[in-house]
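Presented below is the structure to which this report refers.
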Amino acid sequence: MESKQHPIEQQVEEGRQRAHVHAERINELAEELAQEIKALKDIADEISPSYWRVYYKPFITGFNSISVPSVRSDGDVWTVFNRVV
């Protein structure tokens, strides 16, 4: 005897699978962005003292408040949150 899923349950499961693909991609992009931001910060840290001497102002500001979106799940509930870089 074959167990059949209720149409609504099937629809929900298919949606969860599609959402999982997008959540994984968001997390991949978040990691790539975090790496790019860290590389940019390293450059800023390297040239900022000289930049101040030449232009009398900071090269880049705002690194203390940079975050990237990420998705996590406890199995039932998914949460989109901002991870500080």
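Laboratory data are not the source of any read-out in this text; all were calculated from the coordinates shown. Keep in mind that this is a model prediction, so the values were computed, not measured. Methodologically, a virtual Cβ is constructed for each residue, glycine included, from the backbone with ideal geometry; neighbour enumeration extends over all protein chains shown.
Against the longest alpha carbon principal axis of the chain, how many degrees, from 0 to 90 and to the nearest 10, is the axis of helix 7-55 turned?
Tilt of helix 7-55: around 0 degrees.
Long-range amide H contacts for residue 85: which residues qualify at under 5 Å (H placed 1.01 Å from N, peptide plane, sequence gap of 5 or more or a different chain)?
It is 66, 67, 68, by chain and number.
So what are the ³J(HN,Hα) numbers for the range 75-85, from phi and the Karplus equation (6.51, -1.76, 1.60; θ = phi - 60°), rounded to whole Hz, Gly and Pro as x?
After applying 6.51 cos²θ - 1.76 cosθ + 1.60, I find x, 10, 10, 9, 10, 9, 9, 9, 9, 6, 8 Hz.
Please find, in a Gaussian network model of the chain (springs between Cα atoms separated by less than 10 Å), the residue of 46, 28, 36 whose mean-square fluctuation is greatest.
46
Rounded if a/c is under 1.5, else prolate if a/b beats b/c, else oblate: with a ≥ b ≥ c from the C-alpha gyration tensor eigenvalues square-rooted, which is the chain?
On the way: a/c = 6.01, a/b = 4.62, b/c = 1.30.
Here the chain falls in the prolate category.
Lys and Arg at +1, Asp and Glu at -1: add these up for the other residues within a Cβ distance under 14 Å of residue 18 and post the number.
On the way: positive: 16, 25; negative: 13, 14, 24.
Around residue 18, the charge tally is -1.
When ranked by the protection proxy of mean other Cβ atoms within 10 Å per residue, highest first, what sequence do the peptides 62-71, 7-16 form?
Details: 62-71: 13.1, 7-16: 10.4.
So the order, starting with the most tightly packed, is 62-71, 7-16.
Is the range 41-85 best put as rounded, prolate or oblate by its Cα gyration tensor, with a ≥ b ≥ c the root eigenvalues, rounded for a/c under 1.5, and otherwise prolate when a/b is larger than b/c, oblate when not?
Verdict is prolate for the range 41-85.
Taking the Cα centre of the range 7-84 as origin, work out the dipole magnitude from +1 charges on Lys and Arg Cβ and -1 charges on Asp and Glu Cβ, in debye rounded to 20. Walk me through the numbers on the way to the answer.
Working: 9 positive and 13 negative charges, 109 e Å.
Rounded to the nearest 20 debye, it is 520 debye.
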